[in-house]
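Scroll down for the structure; my scribbles are underneath it.
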């Protein structure tokens, strides 16, 4: 399984590993809700992002600056090589930028809760997990997350992704 995010954040940049901050804790919880054992997220999921570097804080000071189209394009060969090396059967897309880059531009309300099969891989879009996003405040969007986690649970069994004890 591979997980693709937008870009490394400041905590990831400081600590040197992906999803080192609050987003990582949310993702661990989400995978456990989908039936994966505790620790699976860090031990069995290849974590990456559209870009390799922390893009810096946004000009407004609220959150991180999203990477530019040019930065994403510059880093795309790295992501393509990761796909070749890892050969994931399941790809989790975390946040709108990762979703748009892999399954096309659509509103989150149309992608979260769906599964896309592209080139023999299953893609499961998820909302941004940082806790900063207000998207999950809406009950309808919470239901979409629940639906996405149910699909992830189904794929966990179908693709036999849980390691043997």
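Some observations on this one:
- Legend: translational diffusion of segment 81-161 by Stokes-Einstein, Rh = Kirkwood radius over C-alpha pairs, 37 °C, 0.692 mPa s; D = 250 µm²/s.
- When only alpha carbons are used to place a centre, segment 36-55 and segment 63-87 end up 14 Å from one another.
- Descending by average beta-carbon neighbour count within 10 Å, the peptides 67-80, 45-58, 85-98 line up as 85-98, 45-58, 67-80, the highest first.
- Each of residue 15 and residue 150 was given a label point 7 Å from its Cα along the Cα-to-Cβ line. The distance between the two points is 3.2 nm.
- Sequence-distant contacts, meaning Cα pairs under 8 Å at least 6 residues apart, place the relative contact order of the chain at 27 percent.
- Euclidean distance of C-alpha centroids, segment 111-143 and segment 1-24, integer Å: 17
- Relative packing of peptides 9-19, 110-120 - highest average C-beta neighbours within 10 Å first: 9-19, 110-120
- When the P(r) of the chain is calculated, the portion above 27 Å amounts to 19% of the C-alpha pairs.
- Rounded to 5, the percent of DSSP beta bridges in the chain classed as antiparallel: 25
- With the gyration tensor restricted to C-alpha atoms of segment 1-63, the semi-axes of the equivalent ellipsoid amount to 23, 12, 10 Å, longest first.
- When shorter helices are ignored and each DSSP H run of at least 4 residues is given -39500 (n - 2.57), the per-residue value for the chain at 222 nm works out to -13000 deg cm²/dmol.
Every number in this text was worked out from the coordinates using simple rules, so none of it is lab data. Fair warning: this is a prediction, and the values are worked out from it, not measured in the lab. Cβ: placed from backbone, ideal geometry, glycine included. Neighbour counts: every protein chain shown.
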